[in-house]
Amino acid sequence: MPPRDTKRATERDFIMAPNLLEKTALCLSGLTALGIGTFILLAPHPFYASYGIKLGDDASLLSELRALAAGLAALGVIMLAGIFRSPLTQVSIVAALTVFLGFPTGRIIGLVVDGMPSASVFGALIVELSIATLCLIAFRKWLLPKRTGSGGRVVRPGAAS
């Protein structure tokens, strides 16, 4: 029988599976990002019409919107993957926080610089802030270091000691 790779086993032991709240946050954020990204990618005109925005037929604008939408959909897939594959949980959390802190930040900057958007765009801001809040609550243990061990060294979840 070949010797067991203890270093690899030790690293595997420190990969934390997401709990129910974390899975819920990843599921909601992942489905939202995947759904919106896919809708914009496949049907940008109807999607933006639902916000009261008329896109027109500018191929360059549509290309930019589809490219961003594909990125959003891909991030949604990454968020969902973290529910089922523990080694991807940290990447999934980073993806969820990036999207759902980034989008409302951009909308708030738009509010300050450009003024009040339509009610439906403002509603999207509220939804994004709600998902961001859920993610911050769900992922707080991943964001805040724990002090353990001798010497008060900082240990983060998922990190090998």
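Does residue 75 count as farther than 22 Å from residue 21 by Cα, in a helix (DSSP H, G or I) and at pLDDT 95 or above? No: the conditions fail for residue 75. Looking at residue 24, is it assigned to a helix (DSSP H, G or I), on the phi < 0 side of the Ramachandran plot, among the β-branched types (Val, Ile, Thr) and at pLDDT below 95? No. If you go through the stretch 44-74 and pick out every residue that is within 16 Å of residue 118 (Cβ to Cβ) and of a type in the set (A, V, I, L, M, F, W, C), you end up with 4. Once the stretch 106-161 is narrowed to residues that are over 25 Å from residue 50 (Cα atoms) and charged (D, E, K, R), the residue that is modelled with the highest pLDDT is 140. The requirement of being part of a helix (DSSP H, G or I), modelled with pLDDT of 95 or more and surrounded by 15 or more Cβ atoms within 10 Å (Cβ to Cβ) is not satisfied by residue 61.
Taking the criterion of being touching a residue at least 24 places away in the same chain (Cβ under 8 Å), surrounded by fewer than 17 Cβ atoms within 10 Å (Cβ to Cβ) and under 12 Å from the mean Cα position of the chain (by Cα), the only residue of the stretch 102-139 that qualifies is 136. With respect to being farther than 22 Å from residue 16 by Cα and either assigned to a helix (DSSP H, G or I) or not polar (S, T, N, Q) (or both), residue 111 fits the description. Against the numbered list (1) of a type in the set (Lys, Arg); (2) modelled with pLDDT under 95; (3) surrounded by 12 or more Cβ atoms within 10 Å (Cβ to Cβ), residue 66 comes up short only at (2).
Considered as a group, the residues in the stretch 70-86 that are within 10 Å of the chain's Cα centre (by Cα) and among the β-branched types (Val, Ile, Thr) include one that is farthest from residue 32 (Cα to Cα), and that residue is 78. Among the residues of the stretch 44-58, those that are surrounded by fewer than 12 Cβ atoms within 10 Å (Cβ to Cβ) and farther than 17 Å from residue 124 by Cα comprise 54, 56, 57, 58.
Scanning the stretch 92-103 turns up no residue that is touching a Cys at 6+ places or on another chain (Cβ under 7 Å) and either of a type in the set (Val, Ile, Thr) or farther than 22 Å from residue 136 by Cα (or both).
The values are calculated or read from the model by the stated rules, or taken from the named source; none is laboratory data. Everything quoted here is computed from the prediction, not taken from an experiment. Cβ: placed from backbone, ideal geometry, glycine included. Neighbour counts: every protein chain shown.
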